[in-house]
Amino acid sequence: GQGWQNGFLKLQLVRSVLALHMTAGRCLRRSLARSTVLLCLLLPGGDGLEVRAPAAQLQGISGIDFRTPPISASGSAAGARWLQPPHEFRQQPEAQDVSWRKTGALLAGLATFSAALRRPNRGRGGGRIAAAASAGSSAGGEGPIALLTSAAIGISTGLFVVGFEEVIHTLEHLREELPLPILSPLLGAAVVCAIFTIAGSGGLKCVDIKSLKSYLAPGGEKPPEKWPLRAGTNALLAAVTLGSGASLGPEAPAAVLGANAAFAVFQLFAQLAAPSPAVDVAAAEAGAAAGAAPDAEARQFIDTALSGSKIVADMSSGEIDMLEKFFRKVELRMGDVLMNQGDDVRDDEPGLYVTQGGELDVFVKVDTDKDEAGQYGKKVASYSGGGKLLGELAVLFRAPRAASVVATSDCVLWSVDRSSFRAAGGRSQGAMKSLYMSPDSVVASGAAAGVAAGFNAPIAGIFFASEVVRPKDENRLDLTTRLLAAALSAAVVSSFTGGGPAFLQNVDFNWRGGNLELANFALLGIVVGFVSYANSRVAAFAQSSVASIKEQGVPQNLLPFVGAIVTVIVSLCCSGRVQFDGFGALNEVLSKSKDVAGGLAGELSFQPLFESRDAGLTFTVVSLLGLMLSKIFATAFCQASGLVGGAFAPALFTGACLGAAFGRLAAVLAGGAALVSTTSTYTVVGASSMLAANCGVPVTSVVLAVELAGGSSYEATLPLIIGIALATYISSVLLPGLFEGVSREDSLKRYEQQAEDLV
């Protein structure tokens, strides 16, 4: 393709479909192969694809236009064929851009769904327990259900973000119709305050990424009632805040929206993938009433045994108390068999046992065809006394017994079946095992899809999830599920909005000065580090100011007016450039600061800052610095007052202003020498450095700078890394240690937590 991003997206879509090819049945492989080659042609900007495969295999994919490669014979592999889109779409680029992108997203989803319907192949030996263990260890994040879950997360997040952005754009159009559009943040704050009054501002905090991780973590609490309504209300608040022009950004709401979509999809697929159907609690209680209920001593045995087991690690204390009521008494005589290895366990049969008294021996047959070790196999363990736990796997999975247990004396036990266990709330552990996904991976996939859709930057979304959500115990296969979710989410949004790079494409981001100019970019990184630290001090001042206003008796629900009032006042001083309008203000900085003419005296004017945005005046160094300070001040009070939005977009804008000012100053001092890159290069380096320093996402900042520029800033990667590294160290480690006495270890911990606190 013509674009770097489109080429990468094609590669990842093909990789995902080829991975699905391994899990599909023979009847699906031809359709999957056709989908693979079609996906290469659906994204705009490509003239075709060279396929290197035997002619017999190519002929098996009917309906594809194969032609001779339009390159020299020496540059083409033997047997290569050239694939081209249908003729009518090559003639109509608009149709290819819209219709084929929509078809591509649909085909990717259908291919994922088709492949996920088939279970992984199981070997001949080892039985179902061995097959389940093999699937969990080898399939990992690429298990069919995990892929289907990730695809659903990506598609649903993309659709949600499309709706979220549509609300913002509608409000922006309405804002332009107002007599005084610059006052629109006050109207937005009024709506936010009304929603806070009705829904309560405290209840909306339960849908952030931290809360979602706690709900999915072992031993975590259950999500609150009406959780989907609260998540939707939070997204609506963010859309109203941004659509009315508050000085915030959309990335945090998009990430939270994606994480909530992932949480909802996971809950749905957990129920579908669970080994047994849902059970009514009343039915389980009736089943328990049929047997002798455990007394206080038996409850103590049961509680002691369960407290050391992982099967209740994801259950609350109330759920464990309910589970204990469902146990029924079982009595055995010496020689009775409690369970036989290989027997299936129905949902209503006793599955989990807790001993109260007696002795039991456990036997395992290594080879079921030989009885050399005895009738039940080799003895591997013995249990005596009370408080012991047997049969945990039977309540988690629909799997046969893994061992035989025989009573060697009279015994008293307490048992519970799989249905009662699930009715009491013991569902998460089994569901996660069935999905082959860790809780953090679920939230990370949603956050990656949200950022990928919000910025049209799927690669940055993946790194964002790794740096912000920070999944624990992940492997490289978990990254595949996150990649699929981000790619499909970006594809869905692009099919509705058209996509494309966010930065202007008629600017030069090249790095011209060679290694000597790296000193300039290093100095820019140092300056960004100082400004970023000052930004954190302004944010602390804003928080203390809003807290003081609250202490004066102003209700919590009315505090958003503080941020709106500050935004309006600052906007009056800079023609509304601090108000959110997507990347419009940042692109204005790019377009109006690239031409440097005149000496240093001409860079000391504030006049461009006060002119309307339609004026053709070029920004000066002083006006850019004034715009940067205005944005910092407005954003700090918007965040402190409780308005819903992110800090990524404001950080990009403030860094862009500082970088543009630095670039113009460097050009003036160099007298137009060729050793200095364009102002646009300094702008993108300043933007990414400020994002890394303010938000704690250094790797995401590098990738996002390249993706937002459509790949045209790739040559400036080394200056990007140098600026980001110095800005991050100075703002997060050096200056806190000098001015606040914070140790290096505490500074690093605070920096690691910085990004997650923003979402």
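None of the figures in this text is laboratory data; all of them are computed from the coordinates on show. The model shown is predicted, which means the values in this text are computed figures rather than measured ones. A quick note on method: Cβ atoms are made from the backbone with ideal geometry, for glycine too, and the neighbour counts reach across all protein chains shown.
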Legend entry - Under 5 Å, built H, 5+ apart or other chain: amide partners of VAL330: LEU413, TRP414, SER415
Legend entry - Separation of the GLU359 and GLN543 label points, Cα + 7 Å toward Cβ, nm: 6.4
Inset, instruction - Just list whichever of LYS550/LYS592; LYS550/LYS631; LYS226/LYS749; LYS213/LYS329; LYS226/LYS631; LYS325/LYS379 have alpha carbons separated by over 29 Å in the model shown. - result: LYS550/LYS592; LYS226/LYS749; LYS213/LYS329; LYS226/LYS631; LYS325/LYS379
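So, counting K/R as plus one and D/E as minus one, what does the shell of residues with Cβ under 9 Å around VAL364 add up to?
Around VAL364, the surrounding residues sum to +3.
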Legend entry - Along principal axes, Cα extents of the range 477-634, largest first, whole Å: 57, 56, 34
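Using the per-residue mean of other Cβ atoms lying within 10 Å as a proxy for protection, in what order, highest first, do the peptides 381-391, 736-746, 226-236, 602-612 fall?
On the way: 381-391: 16.5, 736-746: 12.4, 226-236: 18.2, 602-612: 14.5.
Ranked from most to least packed, the peptides come out as 226-236, 381-391, 602-612, 736-746.
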Legend entry - Order by protection proxy (mean Cβ within 10 Å, highest first), peptides 169-182, 344-357, 548-561, 244-257: 244-257, 344-357, 548-561, 169-182
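Could you sort the peptides 651-662, 157-168 by per-residue average Cβ neighbour count (10 Å cutoff), highest mean leading?
On the way: 651-662: 29.2, 157-168: 21.9.
With the highest mean Cβ count within 10 Å placed first, the list reads 651-662, 157-168.
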Inset, instruction - Search the structure for amide H atoms under 5 Å from the amide H of GLU359, placed 1.01 Å from N in the peptide plane, and list their residues when 5 or more places away or on another chain. - result: THR408, SER409
Legend entry - Label point distance in nm, ASN515-ASP336, each placed 7 Å from Cα along Cα→Cβ: 8.3
Legend entry - Cα-projected label distance for ALA402 with GLU715, points at 7 Å along beta-carbon direction, nm: 6.0
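In terms of the Cα gyration tensor, with a ≥ b ≥ c the square roots of its eigenvalues, is the range 223-263 rounded because a/c is under 1.5, prolate because a/b exceeds b/c, or oblate? The partial results should precede the final answer.
Numbers: a/c = 3.58, a/b = 1.78, b/c = 2.01.
It comes out oblate by the Cα gyration axes.
If a/c stays under 1.5 just call it rounded; otherwise compare a/b with b/c (prolate if a/b is bigger, oblate if not). Do that for the range 500-588, with a ≥ b ≥ c from the square roots of the Cα gyration tensor eigenvalues. Mind showing how you got there, number by number?
Details: a/c = 3.79, a/b = 1.81, b/c = 2.09.
Oblate shape, in that a/c is at least 1.5 and b/c is the bigger or equal ratio.
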Inset, instruction - Assuming a ≥ b ≥ c are the square roots of the Cα gyration tensor eigenvalues, decide whether the range 568-622 counts as rounded (a/c under 1.5), prolate (otherwise, with a/b larger than b/c) or oblate. - result: oblate
